[in-house]
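What follows is one structure encoded as structure tokens, with my remarks underneath.
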Amino acid sequence: MRIAVLAAPDSWYARDLQRAAGDRCEVSIAAFSEMKASIPRSGAIQISSGECNLSACEAILVRTMPPGSLEQVVFRMDCLARYEAAGGIAINPTRAVEAAVDKFLTSAKLQSAGLLTPRTIVCQSFEAGMQAFEELGGDVVVKPLFGSEGRGLIRLQDSNLALRAFKMLAQLNAVLYVQEFIPHEGEDWRLLVLGEQVFGMRRRNPHDWRTNVSRGASTAPLEVTPELRDLALRAAAAVQAPIAGVDLLPARDGQLYVLEVNAVPGWKALARTLDVDIARHVIDFTAAAIRSRD
């Protein structure tokens with residue numbers, strides 16, 4: 001059984017997956033930046049990355065989505081989609097990666113699925129940004145449309161600072177993703193969906209409104225109740241991701257908001273917090289998907 005992991009060469013997650021796979025299957029590390037497609041006059045298209053023949057692998061695990069030009073990103077997604085069309089298993093599938101990497105599309109799909117999400121306005125000019133700032137109560141979080149781990153998040157509570165921020169982003173041709181700030185107690189919940197399994201942990205940061213572990217948040221196990229499990233599965237299904245990191249925010253008013261769905265979720269802190277070999281579960285899930293296809 002051959003599995004390719006699309007990841008950076010020094011990726012901790014790729015190494016963790018190789019460790020978890022052991023002798024059960026061959027796990028190769030490949031890079032999006034080295035992807036190549038060969039279209040013959042007849043026969044199957046061949047997709048490769050460096051020395052790795054992706055078309056010969058039974059499954060591809062997507063562990064990164066590196067930045068690139070629009071052409072590069074579209075080509076990479078096209079390669080992944082062609083691999084799937086030829087019968088390969090991509091985890092997560094192309095459609096899930098494309099949806100979850102885009103915060104606007106994710107929020108729209110979550111809202112359409114009937115899940116509670118913060119009010120959000122997405123626009124392209126600083127004038128529209130200022131209107132959004134006022135409409136959302138003058139206390140907002142501005143997020144990059146693409147990004148994770150809390151990078152690039154800005155909380156704006158002052159109209160003058162908001163104007164400066166929106167003008168700067170508009171000059172960079174950025175899309176303004178403006179979301180109402182939800183008052184909370186400095187804690188959110190990360191649920192990792194792995195097929196029908198759901199693992200959970202609390203993340204708490206008393207010194208920062210952002211509760212990402214990469215920003216110093218502490219973690220603790222979270223009991224996954226039937227209600228939380230159902231919520232996580234619905235959120236993952238909204239973007240069609242069999243493996244997903246679902247971020248929930250318990251607000252001060254007692255409401256539980258679905259903030260984001262990550263189609264390339266990390267598990268380093270979760271595995272340590274729960275003392276569970278998540279990588280082994282990922283390999284088991286992938287192997288089961290391959291067997292069910294065969």
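The values are calculated or read from the model by the stated rules, or taken from the named source; none is laboratory data. Because the structure is predicted, anything quoted here is derived from the model rather than measured. In this analysis, Cβ positions are derived from the backbone assuming ideal geometry, glycine residues included, and neighbour counts consider all displayed protein chains.
Contact map, the range 159-170: residues that are touching a residue at least 24 places away in the same chain (Cβ under 8 Å) and of a type in the set (Phe, Trp, Tyr) paired with residues that are buried (at least 18 other Cβ atoms within 10 Å of the Cβ) and part of a helix (DSSP H, G or I), Cβ distance under 8 Å, separation 6+ or inter-chain. Pairs shown: PHE166/PHE126; PHE166/GLY129; PHE166/MET130; PHE166/PHE133.
Considering each residue of the range 101-109 in turn, none proves to be assigned to a loop (DSSP other than H, G, I, E, B), buried (at least 17 other Cβ atoms within 10 Å of the Cβ) and on the phi > 0 side of the Ramachandran plot. Picking from residues in the range 262-279 that are modelled with pLDDT under 95 and aliphatic (A, V, I, L, M), the one that is surrounded by the most Cβ atoms within 10 Å (Cβ to Cβ) is ALA263. The residues listed here are LEU145, LEU116, LEU70; of these, the one that is among the hydrophobic types (A, V, I, L, M, F, W, C) and either surrounded by 19 or more Cβ atoms within 10 Å (Cβ to Cβ) or modelled with pLDDT of 95 or more (or both) is LEU116. With the condition kept exactly as written, say whether any residue in the range 3-19 is farther than 30 Å from ALA174 by Cα, among the aliphatic types (A, V, I, L, M) and surrounded by fewer than 17 Cβ atoms within 10 Å (Cβ to Cβ). Checking the range 3-19: not a single residue is farther than 30 Å from ALA174 by Cα, among the aliphatic types (A, V, I, L, M) and surrounded by fewer than 17 Cβ atoms within 10 Å (Cβ to Cβ). Checked against the criterion of being part of a helix (DSSP H, G or I), at pLDDT 95 or above and surrounded by 18 or more Cβ atoms within 10 Å (Cβ to Cβ), the candidates LEU61, LEU80 yield just one match: LEU80.
Given the condition farther than 30 Å from ALA279 by Cβ and among the acidic types (Asp, Glu), answer yes or no: does some residue in the range 144-152 qualify? If you could, list the steps in order and put the result at the bottom.
Our first condition is that a residue be farther than 30 Å from ALA279 by Cβ; within the range 144-152, this holds for none.
There is no residue in the range 144-152 that is farther than 30 Å from ALA279 by Cβ and among the acidic types (Asp, Glu).
Residue check: MET168 meets all listed conditions (1) loosely packed, with under 14 Cβ neighbours inside 10 Å; (2) closer than 18 Å to GLY245 by Cβ but one, namely (2). Does GLU26 satisfy being surrounded by 13 or more Cβ atoms within 10 Å (Cβ to Cβ), touching a strand residue (DSSP E or B) at 6+ places or on another chain (Cβ under 9 Å) and of a type in the set (Asp, Glu)? Yes, satisfied. Annotation: of all residues in the range 165-206 being touching a Pro at 6+ places or on another chain (Cβ under 7 Å) and in a loop (DSSP other than H, G, I, E, B), the one that is modelled with the lowest pLDDT is GLY186. Of all residues in the range 19-47, those satisfying the criterion of being without any contact (Cβ under 8 Å) to a residue 12 or more places away in the chain, of a type outside the set (Val, Ile, Thr) and on the phi < 0 side of the Ramachandran plot are ASP23, SER38, PRO40, ARG41, SER42, GLN46.
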